[in-house]
1. When a/c is below 1.5 the answer is rounded, else prolate if a/b is larger than b/c, else oblate, so apply that to the stretch 19-64 with a ≥ b ≥ c taken from the square roots of the Cα gyration tensor eigenvalues.
2. Using 0.36 nm per residue, how much length does the chain from residue 158 to residue 279 gain when fully extended, once their Cα-Cα distance is taken away?
3. Relative contact order of the chain, please, whole-number percent, based on alpha carbon pairs below 8 angstrom and at least 6 residues apart.
4. Which whole-angstrom value gives the distance between the alpha carbon centres of the stretch 30-95 and the stretch 314-386?
5. Sorting check: for 247-255, 9-17, 162-170, which peptide has the highest mean count of neighbouring beta carbons within 10 Å, and how do the rest follow?
6. Given the chain, what percent of its DSSP beta bridges are antiparallel, to the nearest 5?
7. With labels modelled as points extended 7 Å from the Cα through the Cβ direction, what inter-label distance (nm, one decimal) is found for residue 348 paired with residue 15?
8. How far is it, in nm, from the label point at residue 117 to the one at residue 223 when both lie 7 Å from their Cα along the line to the Cβ?
Amino acid sequence: MDKLVIEGGVALKGEVRISGAKNAALPILCASILSDEPLRVSNVPHLRDVTTMLGLLAQMGIAVSVDDRLGVELNAQALDNPEAPYELVKTMRASVLVLGPLLARCGKARVSLPGGCAIGLRPVDQHLKALEAMGATIAIEHGYMQATAPRLKGARIIMDLVTVTGTENIMMAATLADGQTVIENAAREPEVVDLANCLKAMGAKIKGAGGDVIKIVGVPRLHAATYRVMPDRIETGTFLAAAAATGGEVRLRDTRASILDAVLEKLREAGAQIESADDCINLHMPNGLRSVSLRTAPYPAFPTDMQAQFMALNSVATGTALMTETIFENRFMHVQELRRLGARIEVEGNTAVVSGAGHLDGATVMATDLRASASLVIAGLIARGETTIERVYHLDRGYESIEEKLSRLGARISRVR
Ligand code: EPU
């Protein structure tokens with residue numbers, strides 16, 4: 001298993017390109033299921049989760065080709081196996097995003113129930129409730145969701161809670177349903193908007209994406225389209241947090257400030273000076289690093305996917321921060337590992353109290369999930385001496401060429417195979 005070895009203490013400096021967003025690319029690739037004409041997607045990040053998704057779509061009978069610039073073309077004309085097996089779903093929960101499109105296009109789907117997950121229980125009850133409201137019959141048999149619906153019918157759906165993939169699944173299903181679907185309490189994440197824009201390019205009739213009420217009027221079929229995936233706001237935020245925590249100065253290209261306002265606000269509170277233009281963000285740290293308290297919540301509030309990275313930053317900042325996680329019930333697994341590096345963190349319920357320790361000391365730590373791994377990388381960049389991060393395969397699920405990008409910014413980081 002690969003490890004990352006980081007020699008800490010270097011302030012990140014320079015320019016780096018931000019990749020396409022993992023959490024937009026995954027649903028957009030699934031949108032190909034909805035049409036028997038090709039969908040061409042560009043700016044697809046080269047990540048393990050993307051490879052897993054392409055494998056899943058290919059085994060359904062979808063023709064997948066990838067060009068040398070990572071443009072992906074999918075053609076679902078010959079889709080004949082509307083199934084997502086346990087072996088793939090267990091490695092990537094986003095596989096559940098095939099359920100809505102398969103039901104809409106094929107009238108049936110057999111998708112493994114995702115198991116437990118390191119960061120929380122993560123049930124899919126809202127996805128199922130909504131599809132049932134649209135006329136689907138769903139049974140859970142032998143660990144699989146067996147769903148049928150001759151043709152889905154438009155319905156008014158009130159989500160009990162804000163769910164990103166739940167909103168995406170239902171929005172995709174509704175594009176081919178009979179009549180109008182209204183999703184209330186919909187997720188407002190930029191990735192939902194990106195998926196809606198791709199579906200619209202395919203001929204779908206969608207209004208309101210980005211707000212909490214989305215209206216979709218079903219059409220008989222969707223057609224060929226070409227679409228470019230939005231920049232990854234979590235990769236953007238991770239590089240900015242790393243630069244701030246190391247007292248660096250960076251310029252991030254091919255990204256947009258408007259997709260991460262809450263994160264930029266917290267970085268400014270931490271002492272960063274940030275300027276942005278159309279497609280780039282510049283950050284530098286004129287003064288010292290200050291602690292920032294935060295509370296995760298659905299977009300546009302502070303994202304749960306940035307909580308762990310800010311905990312690494314708070315570990316060495318001046319002051320004490322209260323960090324409350326409201327989305328997932330078990331997303332503090334990085335705390336134990338950060339403590340091994342000397343961080344002073346107490347957890348009370350869903351709140352972590354982080355007292356700035358001034359510095360961290362390198363040690364061997366273990367990555368437990370994607371964003372926890374990113375926080376350990378930031379901690380390793382700050383720490384004195386050498387930090388070894390084990391189980392970096394978590395990181396490869398969601399960060400494209402992270403060690404090359406960090407090296408370009410001056411970090412002393414290498415992968416040991
Ligand atoms: N939930 C339910 N029932 C449902 C669906 C969700 O109770 O039917 C709960 C979840 O257990 C959780 C909360 O609702 O407590 C929010 O979960 P949500 O459904 O929004 O999460 P998700 O769609 O499974 C996406 C991202 C995650 C990100 C969350 C929150 C993708 C592929 N994944 O997950 O990304 O943390 O939204 O913003 O879009 C990551 O990239 O590291 C990652 C985990």
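What follows is calculated from the coordinates using simple rules that are stated; it is not laboratory data. Keep in mind that this is a model prediction, so the values were computed, not measured. Cβ coordinates were reconstructed from backbone atoms using ideal geometry, including for glycine residues, and neighbour counts include every protein chain displayed.
1. oblate
2. Additional length available on full extension: 40.0 nm.
3. Relative contact order, the chain: 21 percent.
4. The stretch 30-95 and the stretch 314-386 have Cα centres separated by 35 Å.
5. Result, highest mean first: 162-170, 247-255, 9-17.
6. Percentage antiparallel, nearest 5: 70.
7. Here the modelled spin labels are 4.8 nm apart.
8. Using points 7 Å along Cα→Cβ, the separation is 3.6 nm.
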